[in-house]
Amino acid sequence: MNKPVVVLGAGGHASVLIDILMQLNIDILGVVSKEKPCENGIYRGIPWYKNDEDVLLFDKSTVLLVNGIGSMPGNAVRYKVHSKFKQLGYSFCSVISPKAIVSSFIRLEEGIQIMPGCIVNTNVAVGEGTILNSGAIIEHDCIIGKHNHIAPGVVLSGSVITDDFVHIGTGAQVIQGIRIGEYTLVGAGATVTKNLDSNKTLYVAKPFLR
Amino acid sequence: MNKPVVVLGAGGHASVLIDILMQLNIDILGVVSKEKPCENGIYRGIPWYKNDEDVLLFDKSTVLLVNGIGSMPGNAVRYKVHSKFKQLGYSFCSVISPKAIVSSFIRLEEGIQIMPGCIVNTNVAVGEGTILNSGAIIEHDCIIGKHNHIAPGVVLSGSVITDDFVHIGTGAQVIQGIRIGEYTLVGAGATVTKNLDSNKTLYVAKPFLR
Amino acid sequence: MNKPVVVLGAGGHASVLIDILMQLNIDILGVVSKEKPCENGIYRGIPWYKNDEDVLLFDKSTVLLVNGIGSMPGNAVRYKVHSKFKQLGYSFCSVISPKAIVSSFIRLEEGIQIMPGCIVNTNVAVGEGTILNSGAIIEHDCIIGKHNHIAPGVVLSGSVITDDFVHIGTGAQVIQGIRIGEYTLVGAGATVTKNLDSNKTLYVAKPFLR
């Protein structure tokens, strides 16, 4: 039996997570967001809590949290929220879309999010708090660090290693056996064919306009 | 109960649509094409009508049309066929592959085609006549205009807006929050990181050969 | 009733194939590999044979072989193993992931591997020994040669033709109607917009680092 959840954040990323939680018939006790959630279909009827402190209304032994805050390069809010509530003794639920293709032979830490259409092959390991976003392909034997964002449509070939806090942008691809250092950002569409040190940014070669 | 359909066009794009219609058990009354359809497996046994005017043999209140004409940059045939039969009072069927991953929380206009393996996340809106082609990823909160072609393998990050008649070529990617003006063409493989005006063409940086 | 199989190779590519074979409830009689397979989950309990010659212990009329050797550019081991056992009278099993999206209207030769999340549309033909890897998109009317490797996340638009021994690298894309000559290598992430001769290599435009 799955524990009920409280979702932190009420933007676009949270809405996709809520869509998945509904497909999994997981009970959503509320969303926590400074701003009132957009009254489109998916947030309708879900209780809204305005302040982070409202989370404390929920017993940490009976609920799980879902980190619905999106991950953008250079923005640490998602990670800070994770750390804050871990220190307060809460646990984070992993959310795995039933429409993802996930091998049974993988190892996941806490609070992993695997979004619709993502493919995760045999013998992959994924660190705490990481997002494997929609349609991303994670080939066999990849080792993904903590608090990574593997953006939509990214392709990681076999045996790629990413350290913690790596961001790989939309539609980027990485060839077999590459290692990417912590806090490094691979720009959308870039192709990684050599190891990357920590704290670097790799940009795609510029397209040209006519 | 789904109405029976008449498919306009008998080339490659139409063949994928017919494949989907068969999986959905929708009755196909005929294909309309100047040239005789290739006698491979999928067209076998489907009645062939040679002239656009043959569509008028079918009662517009009991059949729906499927626009099977492919979309190529700079070619308006697909749109002209759509307009012509709309003016004659016919309606176009949306064709959504059962192998696409489509959120329940989206808004579709008439005659949308969502091809196999396409991913459409929460709160997306899609305009009339648009193709979301095989394996394309349309993230949360995107607003896609009318008569767009989002080609196979394209990745649109969250909150991308495309105006009408936009073509995004095979395997291109667009970062979060970008707006693309009407009639603009994004070349195959290109990465869009800035807003694009109307009537532009963006080409991928040239690969090199050895 | 599916025949039992013997898997040649015990690395990453073989592990994904074994994952698929298990999902298909196909009996795996053993893996053949000079090195002892990694004792992670998926190889546990599968008999290990050390030498290629051990295959001869199995009756070629009652078992099928699975070529689990990965395909890397410039490495012919995978093909040599295929040829050797074909000459000895063995046959190779095609392995098609139940999580691939494959049209019923296609033509496959012997020993094809279609990996998880791969999309294969109407009227595609695929030559002997070819890998269509995870999440690759093969649009309508493509004709893929023998012993190709279409790597993860590749997108082939409609009516692309590849000759034998072509390698298309991770996340590359090819526009409609292109022909690629034998032994040609398309680098990861490259965009193919013109026909390519045989024995060429096309590299993606270089990204830049900061």
Go through (1) within 13 Å of chain A (Cβ to nearest Cβ); (2) buried (at least 19 other Cβ atoms within 10 Å of the Cβ); (3) more than 21 Å from C:K34 (Cα to Cα); (4) touching a residue at least 24 places away in the same chain (Cβ under 8 Å) and name the single condition C:G68 misses. (3)
Single residue of the range C:1-27 satisfying the filter (assigned to a loop (DSSP other than H, G, I, E, B) and within 13 Å of chain A (Cβ to nearest Cβ)) that is surrounded by the most Cβ atoms within 10 Å (Cβ to Cβ): C:A10
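Just to be sure before I move on: is B:T162 within 21 Å of A:S15 (Cβ to Cβ) and among the polar types (S, T, N, Q) in the structure I sent?
Values: within 21 Å of A:S15 (Cβ to Cβ): yes; among the polar types (S, T, N, Q): yes.
Spelling it out, B:T162 is indeed within 21 Å of A:S15 (Cβ to Cβ) and among the polar types (S, T, N, Q).
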For the range B:144-201, which positions are more than 18 Å from the chain's Cα centre (by Cα), part of a loop (DSSP other than H, G, I, E, B) and of a type in the set (S, T, Y)? B:S157, B:S159, B:T193, B:S198
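Which ones in the range A:114-143 are over 11 Å from the mean Cα position of the chain (by Cα) and small (G, A, S)? Quick ask: steps written out before the conclusion?
Residues of the range A:114-143 that are over 11 Å from the mean Cα position of the chain (by Cα), as a first pass: A:116-125, A:135-143.
The answer is A:G117, A:A125, A:G135, A:A136.
Which residues, taken from the range C:112-121, are more than 14 Å from chain A (Cβ to nearest Cβ) and in contact with a helix residue (DSSP H, G or I) (Cβ under 7 Å, 6 or more places away or on another chain)? Steps first, answer last, please.
Let us first name the residues in the range C:112-121 that are more than 14 Å from chain A (Cβ to nearest Cβ), namely C:112, C:120-121.
Answer for the range C:112-121, where residues must be more than 14 Å from chain A (Cβ to nearest Cβ) and in contact with a helix residue (DSSP H, G or I) (Cβ under 7 Å, 6 or more places away or on another chain): just C:N121.
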Inter-residue pairs, beta-carbon under 8 Å, first under 15 Å from C:H147 (Cβ atoms) and in the range C:74-97, second part of a helix (DSSP H, G or I) and among the acidic types (D, E), 6+ apart: C:V81/C:D52; C:K84/C:D52
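Being of a type in the set (A, V, I, L, M) and at pLDDT below 95 is true for just one of A:A136, A:A205. Which residue is that?
Values: A:A136 fails: at pLDDT below 95.
A:A205 is the lone residue from the list that is of a type in the set (A, V, I, L, M) and at pLDDT below 95.
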What single numbered condition from (1) more than 11 Å from chain A (Cβ to nearest Cβ); (2) free of Cβ contacts under 8 Å to residues at least 24 places away in the same chain fails to hold for C:N133? (1)
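Within the range C:54-61, is even one residue part of a strand (DSSP E or B), surrounded by 20 or more Cβ atoms within 10 Å (Cβ to Cβ) and modelled with pLDDT of 95 or more?
Kept after step one, since they are part of a strand (DSSP E or B), are these residues of the range C:54-61: none.
No, the conditions are met nowhere in the range C:54-61.
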Return the only residue of B:F208, B:F165 being open to solvent by 10 Å² or more (accessible area, probe 1.4 Å), among the hydrophobic types (A, V, I, L, M, F, W, C), more than 22 Å from A:M72 (Cβ to Cβ) and out of contact with any strand residue (DSSP E or B) (no Cβ under 7 Å at 6 or more places or on another chain). B:F165
Would you pick out the residues in the range B:146-157 that are open to solvent by less than 10 Å² (accessible area, probe 1.4 Å) and more than 10 Å from every other protein chain (Cβ to nearest Cβ)? B:N148, B:I150
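Conditions tested, residue by residue: (1) under 21 Å from C:T122 (Cβ atoms); (2) assigned to a helix (DSSP H, G or I); (3) over 21 Å from the mean Cα position of the chain (by Cα); (4) among the aromatic types (F, W, Y).
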site	(1), (2), (3), (4)
B:K36	yes, no, yes, no
B:G45	yes, no, yes, no
B:P73	no, no, no, no
B:K80	no, yes, no, no
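Here's the yes/no breakdown for (1) more than 7 Å from every other protein chain (Cβ to nearest Cβ); (2) among the polar types (S, T, N, Q):
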{"residue": "B:E128", "(1), (2)": "yes, no"}
{"residue": "B:I138", "(1), (2)": "yes, no"}
{"residue": "B:S159", "(1), (2)": "no, yes"}
{"residue": "B:D164", "(1), (2)": "yes, no"}
{"residue": "B:Y183", "(1), (2)": "yes, no"}
{"residue": "B:G187", "(1), (2)": "yes, no"}
{"residue": "B:S198", "(1), (2)": "yes, yes"}
{"residue": "B:L202", "(1), (2)": "no, no"}
Looking at the range C:85-111 only, could you name the residues that are surrounded by fewer than 22 Cβ atoms within 10 Å (Cβ to Cβ) and within 18 Å of C:A10 (Cα to Cα)? C:F85, C:S94
Scan the range B:94-102 and tell me whether some residue there is within 14 Å of chain C (Cβ to nearest Cβ) and farther than 30 Å from A:S97 by Cα. no
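May I ask you to say which residue of C:K34, C:K3, C:K60 is out of contact with any helix residue (DSSP H, G or I) (no Cβ under 9 Å at 6 or more places or on another chain) and touching a residue at least 12 places away in the same chain (Cβ under 8 Å)? Reasoning before the result, please.
Working: C:K34 fails: out of contact with any helix residue (DSSP H, G or I) (no Cβ under 9 Å at 6 or more places or on another chain); C:K60 fails: out of contact with any helix residue (DSSP H, G or I) (no Cβ under 9 Å at 6 or more places or on another chain).
Within the list C:K34, C:K3, C:K60, the selection yields C:K3.
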Somewhere in the range B:126-133, is a residue out of contact with any helix residue (DSSP H, G or I) (no Cβ under 8 Å at 6 or more places or on another chain), open to solvent by 40 Å² or more (accessible area, probe 1.4 Å), outside any loop (DSSP other than H, G, I, E, B) and at pLDDT 95 or above? no
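The values are calculated or read from the model by the stated rules, or taken from the named source; none is laboratory data. The shown structure was predicted, so the numbers you read here are calculated from the model rather than taken from an experiment. So basically every Cβ, Gly included, is an ideal-geometry build from the backbone, and we count neighbours across all protein chains shown. In case anyone asks, the SASA skips ligands and DNA or RNA and just uses the protein heavy atoms, side chains included. Shrake-Rupley method; radii C 1.70, N 1.55, O 1.52, S 1.80 Å.
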